[in-house]
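A short write-up of the structure that comes next.
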Amino acid sequence: MSLPNDVWLQIIEYMSPLAIQELYSVNSTFFNVAMDQRYQQISFSYLSRKMIWILARLKDPVVAKRVRILHLYPHFVKDALDTMDLSSSQSLLSKFGELAGLIRDQKKLILKQKPRLPLKFKTCRDLMQVMMDILSGLPNLTDYHVLWCGLPSVGSDPALVLSSPLRSSLRSLRLEVSLEKLQYILSSSYTQPLPQLEEIDLFIRIEHLHFERYDTILLMLARMISSLCSSLRKLTVQLWEPFDLSPLFAAISHLPLLDKLSLSIPMSFPNLGNPDGLIGFLNAHSNTLRSLSIRASELGGRSLMTHNEVQLGTWMDETFSKVHLSCLTALEISLYLVPFDSALLCVRTFSTTITSLVFTGLHLAYDDLDLLTAALSSRRHKHALQSARIGPLTLSPQLVDLFADRFSEIDKLELLVKSLVPFEGDVPLFCGRSNSDRDQDEGQVRRFIEEMEHRHYPEWKLRYLDLSSSSYPRLMNEEQYKSVFSQCVPALRTFI
């Protein structure tokens with residue numbers, strides 16, 4: 001029986017990727033979907049038989065066109081240098097010895113011999129040239145992820161391979177590299193124009209090998225980012241350890257399409273460096289930035305040993321108090337490691353324009369939420385807050401009253417609920433031995449429901465309410481929660 005292609009595609013939507021690959025021979029639709037799933041994301045890191053087989057398959061244009069996402073970690077260069085080039089430098093006597101051993105064991109190996117590899121390389125340079133030819137010919141590549149730190153023995157050799165996928169179809173680039181390695185990639189990319197990248201994700205490390213050249217490398221990076229003035233829309237900056245990035249921010253030209261910025265700030269001094277650099281960059285994009293994400297990190301280096309919340313708070317206060325973003329509508333702050341007072345300052349700074357807020361990562365008490373909601377309701381707004389994701393928190397009827405009063409115009413509210421209490425200030429009671437099996441006291445939850453049944457918010461325009469958490473009380477049926485909140489909030493249309 002023959003079915004239209006659209007019907008087959010709808011059937012495939014309900015199947016697992018593994019099942020689809022097992023049925024690739026059913027018809028051309030299954031075959032194409034299976035091949036897309038198999039080759040849409042490719043990763044090369046260590047030199048192996050599998051890697052060589054994949055390279056050989058990518059020489060076929062029909063396969064190459066299916067690749068959308070590419071991950072590269074150039075350990076394969078070190079592997080090739082340690083095997084191919086080392087072998088080619090062996091003495092003639094040692095090669096004769098190996099040949100004798102191969103002849104002696106030929107009968108034993110013939111039964112265990114693996115399929116002959118489709119590609120052969122005499123030197124590391126041969127491997128790199130083949131990879132450059134193949135990776136530069138992926139016509140539909142959209143996302144490219146590079147990891148290059150350490151590997152001191154390979155020098156700058158991987159740079160040519162890593163820069164080869166930078167072609168016209170690319171839209172997103174993630175660079176998780178050390179500054180020392182970044183200079184090699186940037187130097188190689190100067191030989192060809194960069195694609196019209198829309199997203200750049202920078203995760204920068206420091207190897208402390210050429211400290212005197214850091215400013216020069218940052219200026220090279222700034223020129224690369226500035227060259228994307230006609231396409232770049234999202235920029236993410238993250239550091240492995242505290243480092244002065246102010247020369248980078250100061251040297252980036254105006255990016256007229258940039259509307260999303262994500263910052264991960266190291267806990268320790270100097271954080272992201274002289275605040276003036278970031279202040280100038282943010283204010284220069286006051287009319288374009290619409291989304292700002294802020295978080296703190298303690299990944300490596302001094303942050304693990306000397307992080308100081310007071311120092312971080314001082315840096316954030318000095319920075320964001322001097323920033324004006326007239327078009328910012330979405331603000332996301334992770335409270336994990338970020339001091340609450342500094343996060344609240346950011347909310348107050350941008351409260352007149354934001355319509356979407358994410359404020360999560362730390363348990364918020366009623367007093368914290370009182371300050372947060374006041375910051376968003378006490379000023380004159382261009383537009384009222386339309387959506388918010390807040391928590392974790394302990395939900396009480398009094399807290400619902402607070403949200404209904406302060407967020408009266410909100411359309412969508414997501415609360416990360418850890419527990420329910422019938423009265424603000426009550427201590428949540430749980431039963432169960434392990435955290436995964438704990439349920440909240442049934443009587444306490446029922447009293448919460450009873451208290452909410454006496455409340456009514458006719459002026460609250462809330463249409464979407466999501467009460468979600470891994471520790472959400474499971475004693476009550478979801479329909480009971482939905483019923484009580486639907487009665488309380490007449491405008492409510494969706495409850496999760």
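No value in this document is a laboratory result; all are computed from the given coordinates. Nothing here was measured: the structure is a model prediction, and the numbers come from that model. Cβ placement follows ideal geometry from the backbone for every residue including glycine, while neighbour counts extend to all protein chains displayed.
Under a point spin-label approximation (7 Å from Cα along Cα-to-Cβ), what is the ARG446-ASN308 distance to one decimal in nm? The modelled label-to-label distance comes out at 5.5 nm.
Which entries in the list LYS260/LYS418; LYS181/LYS260; LYS59/LYS122; LYS260/LYS412; LYS234/LYS418; LYS59/LYS234 go over 24 Å, if you measure between the two C-alpha atoms of each? Don't skip to the end; give the middle numbers.
Working: LYS260/LYS418 31 Å; LYS181/LYS260 26 Å; LYS59/LYS122 19 Å; LYS260/LYS412 21 Å; LYS234/LYS418 33 Å; LYS59/LYS234 32 Å.
From the list (LYS260/LYS418; LYS181/LYS260; LYS59/LYS122; LYS260/LYS412; LYS234/LYS418; LYS59/LYS234), the Cα-Cα distance tops 24 Å for LYS260/LYS418; LYS181/LYS260; LYS234/LYS418; LYS59/LYS234.
In a shell of Cβ-Cβ distance under 14 Å around SER172, excluding SER172 itself, what net charge do Lys and Arg (+1) and Asp and Glu (-1) give?
Working: positive: ARG68, ARG167, ARG171, ARG174, ARG233, LYS234, LYS260; negative: ASP143, GLU176, GLU198, GLU199, ASP201.
Here the charged neighbours net out to +2.
Can you pull out the chymotrypsin sites (Phe, Trp or Tyr not before Pro) in segment 308-386 that DSSP calls coil and that have at most 13 other Cβ atoms within 10 Å? For chymotrypsin sites (Phe, Trp or Tyr not before Pro) across segment 308-386 that sit outside H, G, I, E and B with at most 13 neighbouring Cβ atoms in 10 Å, the list reads TYR336.
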